[in-house]
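What follows is a short report on a single structure.
The values are calculated or read from the model by the stated rules, or taken from the named source; none is laboratory data. All of these numbers come straight from a predicted model, not from anything done at the bench. In this analysis, Cβ positions are derived from the backbone assuming ideal geometry, glycine residues included, and neighbour counts consider all displayed protein chains. Note: accessible area is taken over every heavy atom of the protein model, side chains too, but ligands, DNA and RNA are not part of it. Shrake-Rupley method; radii C 1.70, N 1.55, O 1.52, S 1.80 Å.
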Amino acid sequence: MSVDFKEYSHKMEKTLDVLQDNFDAVRAGRANAKVLDRITVEYYGSESQLASVANISSPDARTLVIQPWDAKLLKEIQKAIQCSDLGINPQNDGRVIRLVFPQLTEERRKDLTKQVRKYAEDAKVALRNVRRDAMDFVKALKKKNEVTEDEQKKAEKDLQDLTDKYIKQVDAACAAKEKELMAI
């Protein structure tokens, strides 16, 4: 009998997806609408993502323009952006909100690099937790005599290989994001 790790492999894939979403939210000196994904505004009594209540465009590499579908939302959007960890002061002209992304300073680049490394480390911890859950599953099978000791050892080695593969992907994604941040 061979132990099936599809469920655990899927969980590891999801961890990589979350990591990529986190990396996308880190701005790298040019305007990217993904940095607004975490910002929500109150719209008709419920919290809504900014992208679902406004049109977001990027007229140039350093500017985002947010045009709400309901003009009454301008103040709410402006307040939400100011309260976020974006670090950009929105400019409201009465019709649209402009976000001008300044050139990143060396110090800010280093801070963002630390944040990226923390996201990567959190992803590795999540991968190791999935591996631990899978190891516990294999040990439980062994305890119920559903697998032999040799099959258990092979399954544990396969699981470690799978974990190592995903950790390499995390390291590669982290290195790519750091390179992007440090490029001037």
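Calculate the dipole size of region 1-150 relative to its Cα centre from +1 charges on Lys and Arg beta carbons and -1 charges on Asp and Glu beta carbons; express the result in debye to the nearest 20.
Working: 27 positive and 24 negative charges, 76 e Å.
That gives a dipole near 360 debye.
At full extension, residue 107 and residue 182 could sit 25.9 nm farther apart than now, given 0.36 nm per residue minus the alpha carbon distance. Quotient of the Cα radius of gyration of region 138-184 and 2.2 N^0.38 Å, N being its number of residues: 1.89.
Dividing the convex hull volume of the alpha carbon atoms of region 94-184 by its residue count gives 131 Å³ per residue.
Rg and Dmax of region 7-69, both derived from C-alpha coordinates alone, stand at 14.7, 43 Å.
Computing the accessible area with a 1.4 Å probe over protein heavy atoms, can you report the carbon and sulfur percentage for the chain? Kindly include the intermediate steps, with their values, before the conclusion.
Working: 5490 of 11040 Å².
Here it works out to 50 percent.
If only the Cβ of Lys and Arg carry +1 and only the Cβ of Asp and Glu carry -1, the dipole of region 49-116 around its Cα centre is close to 40 debye. Surface analysis of the chain yields an accessible area of 60 Å² per residue, using protein heavy atoms and a 1.4 Å probe.
Percent relative contact order of region 37-184, based on C-alpha pairs within less than 8 angstrom and at least six residues apart? The partial results should precede the final answer.
Values: 132 pairs, mean separation 24.0, N = 148.
Rounded, it is 16 percent for region 37-184.
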